[in-house]
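The structure appears below as structure tokens.
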Amino acid sequence: MTRRTIIGIIFIVAALMRLADMWGIIQLNWDHSWTEYFGPVLLLYVGVELVIYSFNKNPSQWLQRPVPQGEDGKRISCAARFGADEYTYKGEVFHGARLDAMCGGLRLDLRRAVISEDEEIDIHTFLGGVELLVPATVNVEVKSHNFIGGVDNETVKSADEGACTIHVTASNFLGGVSVRS
């Protein structure tokens, strides 16, 4: 882990401790004022941004993993907890995925994957981020539910009428998803 990641985790822990004190779960005897909610939200935002930025900008942290096979031989399931994993398709057929990032990051590179029909990707983040790289020949449709997080879809709609669509369903809790071509 880099220094930036550790500092981000410290910010996140401090914010969660502040929220626990405000809600009466623990007693830290911190002063309560109008900044009661502003402080923890700011700490959480800065902490999550530091962690996600450090994983996205430092490629040496990404652990290259082979593409896993799902139980049915098709749909894959990938999870990253307190680390960063990268899965790259190099000509394999893609049949959908479930991606979970908890206090870490996932990168799924589908730019060289074979996508012959509409597929679905379910993404769940908690204090983490997912980077999804898709081929320019497919369309991407995003639906998301977010709490202090979001999805950034930077893809362009394909001019091909028969282009396949990747349906991304994301649930983000203090996390984010980036979709790019």
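The values are calculated or read from the model by the stated rules, or taken from the named source; none is laboratory data. Treat the numbers as computed from the prediction; the structure is a model and nothing was measured. All Cβ positions, even for glycine, are placed from backbone atoms using ideal geometry, and neighbour counts span all protein chains on display.
For region 93-103, state whether one or more residues are closer than 21 Å to residue 12 by Cβ and not in a strand (DSSP E or B).
Within region 93-103, one or more residues are closer than 21 Å to residue 12 by Cβ and not in a strand (DSSP E or B).
For residues that are touching a Ser or Thr at 6+ places or on another chain (Cβ under 7 Å) and more than 22 Å from residue 102 (Cβ to Cβ), tally how many sit in region 112-134.
2
Within region 156-174, is there a residue that is touching a residue at least 60 places away in the same chain (Cβ under 8 Å) and either within 24 Å of residue 79 (Cβ to Cβ) or outside the structural domain of residue 75 (by TED's automatic domain parsing) (or both)?
Taking region 156-174 as the starting set, the residues that turn out to be touching a residue at least 60 places away in the same chain (Cβ under 8 Å) are 174.
Okay, now just the ones that are also either within 24 Å of residue 79 (Cβ to Cβ) or outside the structural domain of residue 75 (by TED's automatic domain parsing) (or both), so 174.
Looking for residues that are touching a residue at least 60 places away in the same chain (Cβ under 8 Å) and either within 24 Å of residue 79 (Cβ to Cβ) or outside the structural domain of residue 75 (by TED's automatic domain parsing) (or both), one finds at least one in region 156-174, hence yes.
Among residues belonging to region 153-181 that are among the aliphatic types (A, V, I, L, M) and not in a strand (DSSP E or B), point out the one that is farthest from the chain's Cα centre (by Cα).
Applying the filter and picking the extreme gives 159.
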